[in-house]
Amino acid sequence: MRKVACGAAEVVPVYQVTNLARTLAKLKDAGVWITGTAGEAQASVFEIDMTGPTALVMGAEGKGMRRLTREACDNLAKLPMAGEVSSLNVSVATGICLFEAVRQRQLAS
């Protein structure tokens, strides 16, 4: 991971947790909005406000998020797809979501 992160792994904190539901609850208590990605979501990732404290929850490739994880999210967002492509690799989808968060924050400042 560090090799392909182009130096970002040295400055971006990464945490591994054992209980995702508990961690999401703690983040909410700290004022962080939880946005999960789901293909069946009504809103596009481009419509969700990510200018404030935001945690992104990305589902597993193929299976998506577990039900309890989905229910813990404040927002669900989808990546609009064109043609016959129905989903993206989770790393690509994450990159798009992170880029959109950065774009929104730059526009807001």
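General remarks:
- Selection count, segment 1-18, where residues are modelled with pLDDT under 90 and either open to solvent by 100 Å² or more (accessible area, probe 1.4 Å) or of a type outside the set (A, V, I, L, M, F, W, C) (or both): 12
- Subset of segment 72-109 (residues that are at pLDDT 90 or above and among the charged types (D, E, K, R)): Asp74, Lys78, Glu100, Arg103, Arg105
- Any hit, segment 1-16, residues being touching a strand residue (DSSP E or B) at 6+ places or on another chain (Cβ under 6 Å), under 21 Å from Arg103 (Cα atoms) and not aliphatic (A, V, I, L, M): no
- Filtered by the rule that a residue be touching a Ser or Thr at 6+ places or on another chain (Cβ under 8 Å) and aliphatic (A, V, I, L, M), segment 82-103 gives Ala93, Ala101.
- The set of residues in segment 61-109 being surrounded by 10 or more Cβ atoms within 10 Å (Cβ to Cβ), at negative phi and among the small types (Gly, Ala, Ser) consists of Ala72, Ala77, Ser87, Ser91, Ala93, Gly95, Ala101, Ala108.
The values are calculated or read from the model by the stated rules, or taken from the named source; none is laboratory data. Quick caveat: nothing in here was measured; it's all calculated off a predicted structure. In this analysis, Cβ positions are derived from the backbone assuming ideal geometry, glycine residues included, and neighbour counts consider all displayed protein chains. To get the accessible areas, we keep the full protein, side chains included, count just its heavy atoms, and leave off ligands, DNA and RNA. Shrake-Rupley method; radii C 1.70, N 1.55, O 1.52, S 1.80 Å.
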